[in-house]
Amino acid sequence: MQQLSPERLILTINGETVRLKDVSPTITLLEYLRQSGRIGTKEGCGDGDCGACTVAIVGEGADGKPYYQAVNSCLIPLGAVAGREIITVEGVANGQLHPVQAAMVETGGSQCGYCTPGFIMSMFAAYYDGKVDDMAIEGNLCRCTGYLPIRRAAQQVMQMQPLGDCFSQKLAQATTQVSQISYTCENQKFYRPTQLQTVLELLQQHPDASLVAGATDLGLEMSHHSKNFPVLISLEAVAELKTLTNTPELVEIGAAVPLSQIEDRLHGVFPAMDEMLHWFAARQIRNRATLGGNIGTASPIGDLPPVLLALDAQLRIAGSGGERTLPIAGFFKGYRKTDLQPGEVIVSVQIPKTITVGATRRLSQSYKVGKRGTDDISIVAAAFTIDLGDRNQIKHARLAYGGVAATPARAIAVESTLIGQPWNAETVKQAKQELKQAFTPLTDLRGSAEYRKMLVANLFEKFFVEIGNG
């Protein structure tokens, strides 16, 4: 087994090296910052929704270079930032206001000031990667001023060119590699291996260990102190889980690749994935969340599983006995239950790029209905793939949904009836009637069962009108 040498948790905050001992690795970064007197970073919702806790960390961009990335500190376990450079709002000014701070002051974007540090840190990260726009602050809420003056501040920063300041110089010298660690405190163990084999060996030693990558889901349980994690194994530094390859036949995405990297590197390859990633949470979440995590939690309202079901994705899974490949359609076994066996790990997701034999074109798109545009849980998510022959007959059909059953699911019976039918309004009208009976969703605070049934049918018609009727 690769040796994991015990060490203290060492991180850098605003240029200062911090060595921590006897500190729980599962308290959140936000908790530690505030306990250590860095109270500019605020706690709002504790769910990753409001952005008051936003900080910037030096992470790897889609091109492999170091970037400042905005993240929700309320969702990150302290062990996960070992070896990383962290910038909080206290470290942004360097003798004078940073340009993003000055823009916020000049436009009157701060009133009570509680949300302001989070907005500043989101714009700070975007300032250095050239992505300052309205979407840079999509993960930040303000309850006082409304967004107009804050948007004006963002628009003002958009016109600026980052100067060669100390933060630019830090990026030029930074590394995105994170080392392996093994840390124990008060009977809590935190491992961050760098090789898949080490992960599998650790799972043999600790069969009840919890796996964590971006921690955007598991971080919720940490943030609200609702669950204890005696052993955590972080996957974010495992080389085999961080690869992304794009060939003429398929795309293979490592399970620990952050969604923001997928968004940039695969833009234009799969329209359905592009659309769903656009509405997937906010930039702070996408900078941390991983594809493997979104699948592995087996949430019935996960945004990406319907897309992967519609694209006939397959999972590469590794365990102590070797590797196996499993169609994602066979992965979900029940509510929060999967086909993963003890000691197994999702390695990657393979998505074919080829269309059905005999088909001449492919239509594919996804949809998400929620109470907010971004950064919200789906009421219903849907993804569709239709392959058509030269006479406009349906050769292949995938109709996948989230939020309507105990697992992400396909309307298999409706798919079967579509094969061989002409792709026209009459066929879609008949399919709508069948789709209304395809699932038995629940009623909850987000929507009634009847509403969800209507969405299941109407989203397919929307797909036909917008994508497939041209």
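Of note:
- The range 306-426 shape via C-alpha gyration tensor axes, a/c threshold 1.5: oblate
- The alpha carbon convex hull volume per residue for the range 148-263 rounds to 223 Å³.
- Whether the range 1-81 is rounded, prolate or oblate, judged on the alpha carbon gyration tensor where a/c under 1.5 counts as rounded: oblate
- Packing order of peptides 426-433, 384-391, highest average first: 384-391, 426-433 (average count of other Cβ atoms within 10 Å over each peptide's residues).
- By DSSP, the beta bridges lying fully in the chain are antiparallel in about 85 percent of cases.
- Among 152-159, 33-40, 65-72, 455-462, the order from most to least packed when residues are scored by Cβ within 10 Å on average: 65-72, 455-462, 152-159, 33-40
- Those GluC sites (Glu not before Pro) in the range 1-104 that DSSP places in a loop and that have at most 15 other beta carbons within 10 Å: Glu7
- Between the beta carbons of Gln197 and Gln173, assuming R0 = 41 Å, the FRET efficiency works out to 0.80 to the nearest 0.05.
- Table column - 3J(HN,Hα) (Hz), the range 118-126, Karplus curve with 6.51, -1.76, 1.60, x for Gly and Pro: x, 4, 4, 6, 5, 6, 4, 4, 5
- Virtual spin-label span in nm between Ser416 and Gln35, 7 Å along Cα→Cβ: 5.7
- Within the straight-line cut-off of under 19 Å between alpha carbons, the aspartates and glutamates reachable from Lys189 are Glu7, Asp22, Glu31, Glu201, Asp208, Glu221, Glu236, sequence neighbours fewer than 8 places apart in one chain being disregarded.
- Cut-off 12 Å between beta-carbons: net charge of the residues surrounding Gln159, Lys and Arg +1, Asp and Glu -1: 0
- Charge sum, other residues only, whose C-beta stays under 11 Å from Leu33's C-beta, Lys/Arg counted +1 and Asp/Glu -1: 0
- Reducing the range 356-376 and the range 88-119 to their Cα centroids gives an inter-centroid distance of 38 Å.
- Accessible surface, per residue, of the range 192-236 when the full set of protein chains is kept, probe 1.4 Å, Å²: 42
- Taking packing as the residue-averaged number of other Cβ atoms within 10 angstrom, the listed peptides 116-122, 412-418 run from highest to lowest as 116-122, 412-418.
- Here is the P(r) of the chain: all C-alpha pair distances, binned every 20 Å from 0, give 24, 53, 22, 1 in whole percents.
- For the cross-link pairs Lys170/Lys368; Lys368/Lys429; Lys65/Lys371; Lys227/Lys462, the ones whose C-alpha atoms lie over 32 Å apart are Lys170/Lys368; Lys65/Lys371; Lys227/Lys462.
- Three-way shape label, the range 116-186, alpha-carbon gyration tensor, a/c 1.5: oblate
- Surface share of carbon and sulfur [accessible, 1.4 angstrom probe, percent] for the chain: 49
- For the range 1-149, dividing the convex hull volume of the Cα atoms by the residue count gives 132 Å³ per residue.
The values are calculated or read from the model by the stated rules, or taken from the named source; none is laboratory data. These figures come from a predicted structure and were not determined experimentally. Positions of Cβ are backbone-derived with ideal geometry, glycine not excepted, and every protein chain shown enters the neighbour counts. Surface areas here come from the heavy atoms of the whole protein model, side chains and all, with no ligands, DNA or RNA. Shrake-Rupley method; radii C 1.70, N 1.55, O 1.52, S 1.80 Å.
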